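Worksheet for the structure shown next.
Read-outs: derived from the displayed coordinates by stated rules, not from any lab. Predicted model, so just to flag it, every value in this text is computed and none were measured. For neighbour counting, all protein chains shown are included, and Cβ atoms are generated from backbone atoms with ideal geometry for every residue, glycine included.
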Amino acid sequence: MIPIIDEPDLPSLLAELGVVDLDDGTALEDANITGMRIDGAPVEGLTLSGCRVSNVELTGATLRNVNLTDVVVVESELSGSTLDFASFQRVQFERCRMSGFVAPQLDAKHVTFAECRLDGCWLRMSTLDRCAFEDCDLSSADFYTARITESRFVRSQLSEAELSEAVLREVSFHRSTIEGIKGGEVLRDIVIGSDQIIPFAFPVFAALGIVINDDYFDEG
């Protein structure tokens, strides 16, 4: 059975807030936000609920204690941004640039990343439950010690991704590429397509120390 990932539950009518200046303790609800500004200093405490956020540019920003519930983020720039102690519940990121995005210990439930650039993102020690990465660039992404359950990577690029010591349960990788993936020993209880058998065999063999050598008996 394919796990159901709930979509954000936004109200039919949103307050038009336009561009918002972020300060410590900013809390917004049921709003359409078309931009965010930050003065460069880390922001402590950001809560969004029932919001649609678009065209935000927070490149390299640092935000701590971020809580997003029922939020859609569209075509926004979050490359190099850091979110410490973040919690996402029913959140969608659509066509966002998030190269080098850092969110250690992220707690994400029912979160979808669609057509996002997440190359080099750092999601170490994160908990991803019922999450989806669809048509995303996750090359060199770092999921070290992450716990990923009932989630899916679909048509995504995972080359050179780090999965060492991660825990995966009921995770699918259909139509995704995994060349050079690290931590093949964690690839248990996953779902793949028949066309992915050989690509997935290589990282698993490498993790188990299996060597393929057709000339073994000729080397003496």
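General observations
- Computing FRET efficiency as 1/(1 + (r/R0)^6) for residue 105 and residue 24, where r is the C-beta to C-beta distance and R0 is 22 Å, gives about 0.60.
- Each of 174, 110 has some number of other Cβ atoms within 10 Å of its Cβ, and from fewest to most they run 174, 110.
- Distance between the stretch 100-153 and the stretch 169-185 - C-alpha centres, whole angstrom: 13
- Relative contact order of the chain, taken over Cα pairs closer than 8 Å and 6 or more residues apart, is 11 percent.
- The share of alpha-carbon pairs in the stretch 71-143 lying farther apart than 14 Å comes to 57%.
- Local electrostatic count, residue 164, Cβ distance below 11 Å [Lys/Arg +1, Asp/Glu -1]: -2
- With coordinates expressed along the principal axes, the C-alpha atoms belonging to the chain extend over 74, 38, 22 Å, beginning with the largest.
- Volume per residue that the Cα convex hull of the stretch 140-181 spans, once the total is divided by residue count, Å³: 53
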